[in-house]
Amino acid sequence: MAESSNSAGPAAQANPTTKPPNPVWRMLGMPNFRLRLPSRNWMIFLTITGSFTAALVYDRREKRHAQQKWCDLVAHLSRDTLPVEQTRRKVTVYLAAPPGDGLRVARDHFKEYVKPILVAAALDYQVVEGRRQGDIRAALAERTRKLRRHAGEPSTAADETPTTEDVIADARSRIGVTEEPGPKGDLVIGRHTWKEYIRGLHEGWLGPLDAPQPPAAPVEELTPETPSTTSPDGAPATEETPEKKTDATDEKKDEKPAKPAGPTPAYITPAEYSSRGLPPSLPSSLDGSVPVPFPHILGFLNTPIRMYRYLNQRVLADRVGREVAGIVLASQARPYADGSSTADSELAVGGGFDAGPSPVSSADGLSSGNYEQQSVLEEEEREWHKVVHKKDEADPEKERVWVNEVVLDPRIASRMQRYVLSYDEEERSRRIGQGSEYILGEERPAPVPFWKRMWIKYGYGEDEETLKRKPIIGNIDEDI
């Protein structure tokens with residue numbers, strides 16, 4: 001035993017297996033840190049978390065660059081000055097809660113992808129929101145009917161209480177404030193909102209200005225089995241006392257008016273489009289519109305799809321930015337394609353098409369998918385929640401605009417147009433993305449180092465552009 005221990009001593013000293021700890025760590029009471037490979041479980045954990053973090057950081061960086069590219073493309077509009085008596089051009093944004101979810105999701109989509117480009121161009125916008133199915137349809141139809149009434153079309157509808165917008169518009173017209181000359185447009189977010197937009201457009205222009213009268217209730221005739229409410233003397237069989245009548249009247253006064261259960265019923269059905277004449281105030285071409293994609297999928301089993309989209313938001317940001325930049329610049333518009341249109345119609349100018357009535361009959365091909373408006377954002381409809389396709393047993397007559405097919409009248413469909421980017425603007429956006437060009441009429445500033453951006457971001461400094469705009473004020477105390 002002694003010999004074996006003595007023989008192992010020199011071998012252990014010649015090949016030491018442990019490194020003596022650093023005296024500094026020993027004095028601090030810390031263990032001996034040794035460099036070694038992590039275990040198998042740690043390698044799996046670090047690989048998964050590191051890959052996910054790298055994919056997320058890369059996607060958010062590319063998403064920020066894509067949004068900045070489209071913001072720089074339209075930022076030169078914010079530099080243009082307007083006369084004092086003019087207001088900024090306004091774009092209308094139609095926004096509705098997605099099927100099976102709330103309105104907050106749609107608002108977040110607008111704020112994240114659409115709003116930055118509108119703000120970069122200093123463009124005014126008005127958001128029309130719909131919480132339930134049919135709200136956008138009813139709002140757009142009523143807005144169109146109001147335009148027809150202001151154009152002089154006869155209507156027996158009672159004058160409604162003026163809204164805040166009407167009061168502001170009236171005050172501006174009295175002091176001589178006008179809107180900026182230029183085309184307007186509508187931004188429609190999502191396939192479900194687009195379906196309501198089409199229905200509201202047809203209802204507003206082809207429907208009546210006054211609400212249709214409800215069908216009269218059938219009068220029940222008295223039969224021998226029906227008990228009479230009069231006494232043999234001819235007086236009422238039961239008569240309420242004055243105190244009971246007073247109590248009932250007071251209760252009715254205290255009751256608050258019940259809120260409407262849903263949107264205003266439609267004034268016209270799609271089957272009646274072909275039998276309606278065009279109003280005299282209908283323009284030869286309607287304001288341009290742009291459908292904005294809004295992919296939204298629910299369900300636990302769809303988690304892989306949702307995860308993939310969460311890590312690929314740069315693709316959606318680039319797609320939405322292109323559509324929004326097209327309506328912001330509004331330099332080119334084309335008619336929506338029908339069955340006879342070619343692929344070259346993407347670059348056709350909106351003013352060069354015939355906006356008159358289409359020779360296609362309304363009965364042939366309204367639901368056959370010949371019109372581009374019927375297939376816009378159609379891929380989103382396959383991902384809607386199954387609750388949309390179920391009928392409401394409590395209210396079988398409930399409006400189902402999202403499930404029904406998109407029905408178009410050729411006279412309205414031919415007047416619709418879509419804003420697109422021109423070839424020059426596409427090329428300029430590509431150069432901006434590559435870094436060889438900047439905002440129109442400006443030079444790209446020198447890149448700011450990372451440490452300086454962090455220094456400015458956390459409140460310890462100011463960038464050069466802010467310092468240039470900052471007024472220089474002398475020492476007022478010494479002057480006094």
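Read-outs throughout are calculated quantities, based only on the coordinates presented, and are distinct from any laboratory measurement. Because the structure is a prediction, the values reported are computed rather than measured. Glycine gets a Cβ as well: all are built from the backbone with ideal geometry, and neighbour counts include every protein chain shown.
Once the Cα-Cα distance is subtracted from the 0.36 nm per residue extended length, the Phe450 to Ala151 segment shows a gain of 101.8 nm.
Once you divide the Cα radius of gyration of the range 375-446 by 2.2 N^0.38 Å, the number left is 1.99.
Please go through the range 129-193 and write out the GluC sites (Glu not before Pro) that DSSP classes as loop and that have at most 13 other C-beta atoms within 10 Å.
Details: sites: Glu129, Glu142, Glu160, Glu165, Glu179; in loops: Glu160.
Sparse-neighbourhood loop GluC sites (Glu not before Pro): Glu160.
Here the alpha carbons of the range 406-469 define both size measures, Rg and Dmax, at 21.6, 62 Å. Maximal additional length on extending the Ser285-Glu442 stretch stands at 52.9 nm, based on 0.36 nm per residue less the C-alpha distance. Put simply, the C-alpha atoms of the range 59-160 give a gyration tensor, and the ellipsoid matching it has half-axes of 32, 24, 8 Å, longest first. Whole-Hz Karplus values for the range 93-100 come out as 10, 9, 9, 9, 5, x, x, x Hz, taken residue by residue from phi with 6.51 cos²θ - 1.76 cosθ + 1.60 and θ = phi - 60°; glycine and proline positions read x.
If R0 is 30 Å, the Cβ-Cβ spacing of Arg276 and Thr81 corresponds to a FRET efficiency of close to 0.10. Here the Karplus relation 6.51 cos²θ - 1.76 cosθ + 1.60, evaluated at θ = phi - 60°, turns the backbone of the range 285-291 into coupling constants of 9, 7, 4, x, 10, 9, x Hz, with x for every Gly and Pro. Residues whose amide H comes within less than 5 Å of that of Tyr94, counting only those at least five positions distant or on another chain, are Val128, Leu187, Val188, Ile189 (H built at 1.01 Å from N in the peptide plane).
Distance between the pseudo-spin-label points of Glu165 and Lys115 (7 Å out from Cα toward the beta carbon): 1.9 nm. Once the C-beta distance of Arg306 and Glu427 is scaled by a Förster radius of 51 Å, the resulting FRET efficiency is 0.90 to the nearest 0.05. Between Thr269 and Ser39, the FRET efficiency estimated from the beta carbon spacing at R0 = 60 angstrom works out to 0.30.
The GluC sites (Glu not before Pro) of the range 385-454 that DSSP puts in a loop, and whose beta carbon has at most 15 other beta carbons within 10 Å, are Glu393, Glu397, Glu405, Glu442, Glu443.
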